[in-house]
Structures are given as C-alpha cells and as structure tokens.
Amino acid sequence: MFRYIVRRLLQGVLTFFGATFVVYCLMFAGGGDPIQALAGEKPVTAQQRAALTEQFHLDDNFFARYLYFLKDFFTGNLKSYTGRDVFENVGSALQLTGKIALIAIIFTIVVGVTLGIVAALRRGGIFDTSSLILTLVVIGIPSIVLAPLAQYLFGIQWKIFPVNYTFEKPFVSLILPGLVLGTLSLATAMRLTRASFFDNLRADYVRTATSKGLTRFRVVGVHVLRNSLIPIITFLGVELGNLMGGAIITEGVFNIPGIGGQLYKAIGLDDGPTVITFVSLLVVIYIVANLVVDLLYAVLDPRIRYE
Amino acid sequence: MNEHLLEVDNLFIEFHTRDGVSKVINGVSYHLNAGETLAVLGESGSGKSVTAQAIMGILDMPPGKITRGRILYRGRDLLTMSKEERRKVRGEEIAMVFQDALSSLNPVFTVGNQISETLRKRKGMSKADAMKRAVELMDQVKIPGAKERVKDYPHQFSGGMRQRVMIAMSLAMDPKVLIADEPTTALDVTVQAQIMDLLAELRRDLNMAMILITHDLGVVADVADRIAVMYAGRIVEHADVHALYKNPAHPYTKGLLESIPRLDAKGTELATIKGLPPNLLRPPTGCAFHPRCKYAQDICVTTTPPLLDLGGGRTSACHFAKELLDGRI
C-alpha cells in the first residue's frame, strides 16, 4: 500500500512537469505580445518595452525561459506581467472556487443521490420516469444557458439570491452559482446512483440478506447502499476535482474571481506566468483527487488491493 | 390428520413475462416432518427452486405470482401472514443456503460480520458476543482457523469454505428447517461430498429438518429420507429414497437413474433422456413428459395423469405407474 502511494506520487511528479511543459509550449507557441496586451490600446515606449523584456527574460531562448519559470515557481517569486504576485491571486481564487465546489458537491450528494435511490426503489413508477426525463433535459442544457437563466429567475425576478458575487455577502452570493454548478453533476449523479442501486437490488447477496429475516430497511440501507456507493463515491471524487478546476462560464456569469474567472482573464492578457501557474495547480489538484479516489476505492471495496 | 412441520399444499405459481404467462408451478404439494430430510429433485426449470423461494418468501413478485395454494408452517399459512410476521419466520424458523456462495455473500462485509448480523440485529446480542458466537459457528462447520478467519472477506475463501460460511450463517438463529438450494453445484466433486456430509451431520446434531434441492441423484442417496421428483412444475414421483432407487414408478425417474454413470457398467454407452424440458409458456398437452417418454401412449398426449397413490407414501404421476413398478413395461 505504502509503495503504491509512493509510486503514484512519483508518477504525479512526472505528470506535473510534463503538463506544465506542454502548457508552457502552448503559451510560447501562441505568440502574441504580452507587453502590448498589458498596455491595451496605448502605445508602449521603447524604454518601457526594454525594461519589461529584461525583467521577464522575454528575449531569452525558450528553454532558458522555462527554467526561469520553474525557478520562480518553486521559490514563490513568480510575478505576473502586471507585476502582481501570482500566488496572491491563486490563494483567493482557490478559496472562492473551493467554496463553490463544496456547495455544488453537497447539493449533488443530498439531492442527486437521494433522488437516485428513490428512483431505483420505485423503478418504472411515475417518479422514476419523470426524473429520468428531467435529468435528460438538465444534462442537455449547457451552463451558458442555465447560469443566466438561474440568475434571472432567482436573482432578478424572485430576488431570492444576490444577482452577482459580492464581497459584502461572500457566502450567500456563492449559493446560486454553487447550485447551478451542482445541477449539472446532479443529473449524472442521480442516474449513476439509480443504475448502481438497481443493479445491487437484484444481486444474490440481497436475497441472502432478506432470507436472514433482516428488515427491508436494513437490507437496503446497509447491504445495498454500501455496495452501491462504490461507483458513486468514485464519481464524486473525480467530480470534485473537475469542480475545483473552476467553471469558466458560471464564474464569468456571476462575476466571481475564482480559478475559472481568473484563468480566463489571464489568457486574454497573454499573461503566461499566471496561466501556467493556475494550470499547474489544477494538475496538482487532479493528481491528488485521483489518488484519493483510488485509495478510497480500496477502502470501500475490500476486493481491491494495491501493491 | 397429523400436522407436518412444513407443508406445501397445492401451490400454483405463474411468471408474467413479455412473451406471456409461464405456468412454473402447477399444483405442487409436499411436506416435511421434524428432523427429516426431503430431497427435491429435478432439472433446471422444473420449479424446485421457485417452490423453495415461495416458502422463504423471497420470490420476485412481480414477475412471479402465487395464484393458488397454501404453505403451512406449524399449521399457519405463511402466505396469509403479515409482512412482519413473515420476516420473523425467515432465518429463525426456516433458513436457506444458496447455490453460489460467492455472489450470495455480500462482498464488502467480513464473514464474521455477516454470520453475526442476525444475532446482533434480531437477538440484540452485543457485538463482541455475536462475534464470539460467529467463531463458534465457523468451528461447527469445520472452517480451520476460524478465530483468525472471522475478519476475512468472502473473496478470501475457497469455494468450499465459502459454502461453509454460508451454512454457518444460516445456522446462526437455530432454524428448525434448513432449505439447501443446490448447495454443492458450484463446487468440485470432492468438496461436494464434504459439504453433503457436513449438512447431514449438522441436520442430525441440531435436529433440524432439511429440504435438499438438487439435480444430482448421486448427491441425495446417503442424505435424504424421501425424494420428490419434479418435472415441468409438478411433482411426478414421490417416494422413500430406497424404494425410489430400487424401483422407480415414473419413466422420468427411471430415465434419471439410468443416466447415472456406473462403475459396473464400464464400456456401455451412458443412457440419456432424449429431448429438452418443455417450454412452460407453451406446455405440451396431457402429460408434460410425453414428448420425451419412451413408453408414451395416446392417453399420455390427451390426458394429464393424476398423482396416483401407490401405497406406503408413494405417489406417481404416470398413467402406467403400476405397470412400471411391476416390471410389465
């Protein structure tokens, strides 16, 4: 087990360097003029240009610049082209996106998994059929439609939630975007729960548990649930990684300076250091989330052993 | 009429499928007295397991439907009991051992947890006491190193050991009736014998009654007191085990006995029963066995034979049962 974790972490290190290098290449290949992007429409003097070029090693060759980047990244001295400390942005963005992701995932678990269980227990009934159609519709709606719609209905029409993210109400104003994000994974979670639960309800061991004279509640709530949770938790773990990656559209619509929103802005500014830093962090989050899910898998299912 | 411990009385079960109604059980009656072993014999689809599931109350309904009949346990009809009463009969009065122990045990709980579950949840035993009892039960079914293995998971056991776990689990509540549904089918031949010996021994020691469901005539000879042979959802012959082996009173039983490989018949071709079991969506007219029967006459095609009482607790559903017994055909 320990050796497995070490091996996975070493693989993670390789993945990390590979991914940052690829992203670095892409930023490099994109060309563009970060100094002009910084100034917008205004002209840049030759002096300013020379200073910035010097500061950010823009004239050095590709590999030298990559090494400079790595050095700054690991010493925490990485500056964006605007001169701001990159990691300062990252911290607050991570916090915001983390909160939204948490709201979304809790919403998914509470509503999606519960509805999935009910649908599986009453398979073929009105609830099952209508919820299947509804989830199909939800899966079909892109967030570019869902987010403004929710904003319009809950924020403007019914005034239940703040329309946009505000510093004054840091939690309440994150609820609606969290729910919008959660709705998207909720539909998948519900279908997965339903399928997993239904398969397990028909399993031989359920018949055994029933023939032991256990109550229906215990048979379903302990025997079936424990087995059905294995794929669901796997899905939720990966989904949490996805949600931490930030939702560019949802964060954009609600004007949230989370990971998605900041990344989008940095790409627009040709801000290489910021983009690469954000992407690198996402890589780390993915690697850790995947490792945790795999380890959790072994905890949930004793048939799985890592060595 | 003296009361039997368990009695299945004129049971009819249908399955409603997409292709129509399949009449799976057509008037099955059998009984079980305290402390005896009844073997229910038949090939796949003959309805032997479905009857057992109906007794346990674990038949999938729908698609299954019990249309007629009674199942009496100590004189009370299980089919008219409340759900809660019925649940209490399961495990405590009538317990069941299933065919494939690997899929029948829950993969994510330790065997000790599963054996002791009913003790904790139904008898209110403490966790420690229930675990101790689980170890005793595992000892009783002769699982070596029970104390160390009680915390293992089902997949860590061999097939034979897993079936022993299954048996230990069924014994936890001291049931009066044990239904063993093809307990040895998924096992090696040598292990089969061990499991059968174990079941026979446990039945004797614990003074349980047992219904042994099997398709293997060789398995039942040493264990059973009586045999009920099923075909196409009916009992076609019912007899004392020795009488049946010595002189079958139904062509189907005769065919089954003849198809057992024998050491003293080396070099001769093994006899088989030709054809396949009938499709119960469209059962044959008259006697369901007539398309495969080498003695079939016109009457067999037109008239369903009643279950003839041949005396001495022996019955046969064949128009020519007496002739067969007397060796006239």
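Identify the trypsin sites (Lys or Arg not before Pro) of region B:1-71 meeting these criteria: DSSP loop state and at most 14 other C-beta atoms within 10 Å of the C-beta.
Hits after loop and neighbour filter: B:ARG18.
Looking at chain A, what % of the alpha carbon pairs are farther apart than 33 Å?
The answer is 41 percent, as a whole percent.
For region B:241-320, how big is Rg over Rh, using alpha carbon atoms and the Kirkwood form of Rh?
Ratio value, two decimals: 1.01.
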Q) With all protein chains present and a 1.4 Å probe, how do A:THR45, A:THR208, A:THR166 order by accessible area, largest first? A) A:THR45, A:THR166, A:THR208
Q | Cα gyration tensor, region A:231-307 - rounded (a/c under 1.5), prolate or oblate | A | oblate
(Q) Taking a cut-off of 18 Å, what percent of all Cα-Cα pairs in region A:202-269 are separated by more than that? (A) 59 percent
Q. For q = 0.25, 0.27 Å⁻¹, what log10 I(q)/I(0) does region B:30-75 give under the Debye formula with an equal point scatterer on each alpha carbon and no solvent?
A. -1.14, -1.23
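Expressed in nm², what is the orientationally averaged projection area of the convex hull enclosing the Cα positions of the protein assembly as shown?
Projected over every direction and averaged, the Cα hull of the protein assembly as shown covers 40.7 nm².
Only loop residues by DSSP count here, and only those with at most 15 other Cβ atoms within 10 Å; note down the trypsin sites (Lys or Arg not before Pro) in region B:241-329 that meet that.
B:ARG262, B:LYS266, B:LYS274, B:LYS294, B:ARG328
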Q) What percent of all Cα-Cα pairs in region A:1-85 falls in each 10 Å bin, counting up from 0? A) 14, 39, 27, 12, 6, 2
Q.
How charged is the neighbourhood of B:GLY327? Take every other residue with its Cβ under 14 Å from the Cβ of B:GLY327, and add Lys/Arg as +1 and Asp/Glu as -1.
A. +2
Q: Determine the dipole magnitude for chain A: charges of +1 sit on the beta-carbon of Lys and Arg, -1 on that of Asp and Glu, nothing else is charged, the reference point is the Cα centre, and the result goes in debye to the nearest 20.
A: 1560 debye
Q) Just the C-alpha atoms of region B:1-148: what Rg/Rh do they give, with Rh taken as the Kirkwood radius? A) 1.02
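Do you know the relative contact order of chain B, to the nearest whole percent, from alpha carbon pairs under 8 angstrom that are 6+ apart? Spell out each step's value before the answer.
Values: 601 pairs, mean separation 66.5, N = 329.
Relative contact order comes out at 20 percent.
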Q) Restricting the count to DSSP beta bridges whose residues both fall in the protein assembly as shown, what percent are antiparallel, rounded to a multiple of 5? A) 65 percent
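Against the globular-protein guess of 2.2 N^0.38 Å, express the Cα radius of gyration of region A:149-263 as a ratio, rounded to two decimals.
1.48
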Q) With axes computed from alpha carbons, what is the tilt in degrees of helix A:126-140 against the longest principal axis of chain A, rounded to the nearest 10 within 0 to 90? A) 10 degrees
Q: Counting only C-alpha contacts under 8 Å and six or more residues apart, can you give the relative contact order of region B:1-114 as a whole percent?
A: 30 percent
Q | Equivalent ellipsoid semi-axes - Cα gyration tensor, chain B, angstrom | A | 36, 23, 18
Q: Would you work out the relative contact order for chain A, in percent, from Cα pairs under 8 angstrom that are 6 or more residues apart?
A: 27 percent
Q: Would you pull out the residues with amide H under 5 Å of B:ARG68's amide H, same chain only if 5 or more places away, H placed 1.01 Å from N?
A: B:PHE12
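The values are calculated or read from the model by the stated rules, or taken from the named source; none is laboratory data. Keep in mind it's a predicted model, so treat the numbers as computed, not measured. Using ideal geometry, Cβ is built from the backbone for each residue, glycine included, and neighbour counts are taken over all protein chains shown. Accessible surface areas use protein heavy atoms only, side chains included; no ligands, DNA or RNA. Shrake-Rupley method; radii C 1.70, N 1.55, O 1.52, S 1.80 Å.
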